[in-house]
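Below you'll find the structure, written out as structure tokens, and then a few comments.
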């Protein structure tokens, strides 16, 4: 099955470049294009793609508002939103992830990295590397509002809290399994249970919740 993608960007040349790149890849199909957030939401409702590549700054409805609307609809729960930004430490990036975005890419990302990112998020893995997670959360987590689901952290078992902490470090299921001496499948099961208990869309929201709740704090050793 191909990874089905909607590309949303108000700059036609930029959008055409993304579309041409992705359509040329085996196993990836661009099923829709949008030039503003309103169109992106409408196309996402109609097509239910696997991934939406969403520019943050667009007219009529920006990418942040569009991401919130997509994340709020239960029938779109499986859709992964990856926001596009000019600067890695964009003030809107953290809020976009709190709103339901799976991750972000800077617009000057190398083509091969963009393709890899689409495949990674479609497969349900984390897009944020530990280094990016460190920088982003350290910059913005202290200023963000605590999400309402934070109280549900008390429902997690000790093992689930341990797994969530490793998710917050940016580890994959395979890396979590290696760290905790369990199979990747068992790690994936733990992550799935944590997502269900906390009502989170994906691993990125677990990262945000882990930091905002104080479970994990910025300032890891390099």
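Any read-out appearing in this document is the output of simple, stated calculations on the displayed coordinates, not a laboratory observation. Just so it is clear, the structure is predicted and the values come from calculations on it, not from any experiment. Here the Cβ positions follow ideal geometry from the backbone for every residue, glycine too, while neighbour counts run over all protein chains shown.
Using only alpha-carbon positions, what ratio does the radius of gyration of the stretch 1-126 give when scaled by 2.2 N^0.38 Å?
Against the empirical 2.2 N^0.38 Å value, I get 0.92 for the stretch 1-126.
With each label point set 7 Å from Cα along the Cα-Cβ vector, what nm distance links residue 1 and residue 112?
Result: 2.9 nm between the two label points.
Averaging sequence separations of C-alpha pairs under 8 Å and six or more residues apart, then dividing by the length of the stretch 3-124, give the relative contact order as a whole percent.
The normalised contact order for the stretch 3-124 reaches 23 percent.
Restricting things to Cα coordinates, could you compute the convex hull volume per residue of the stretch 154-208 in Å³?
Per residue, the Cα convex hull of the stretch 154-208 comes to 67 Å³.
How much length is gained if the chain between residue 45 and residue 119 is pulled fully straight, taking 0.36 nm per residue apart and subtracting their Cα-Cα distance, in nm to one decimal?
24.5 nm
When the Cα centres of the stretch 96-123 and the stretch 3-23 are compared, how far apart do they sit, in Å?
Cα centres, the stretch 96-123 to the stretch 3-23: 13 Å.
What whole-number distance in Å separates the alpha-carbon centres of the stretch 27-83 and the stretch 161-194?
The distance from the Cα centre of the stretch 27-83 to that of the stretch 161-194 comes to 28 Å.
So if we plug the beta-carbon distance of residue 57 and residue 31 into 1/(1 + (r/R0)^6) with R0 = 25 Å, what FRET efficiency do we get, rounded to 0.05?
Step by step, r from the Cβ atoms, then E = 0.60.
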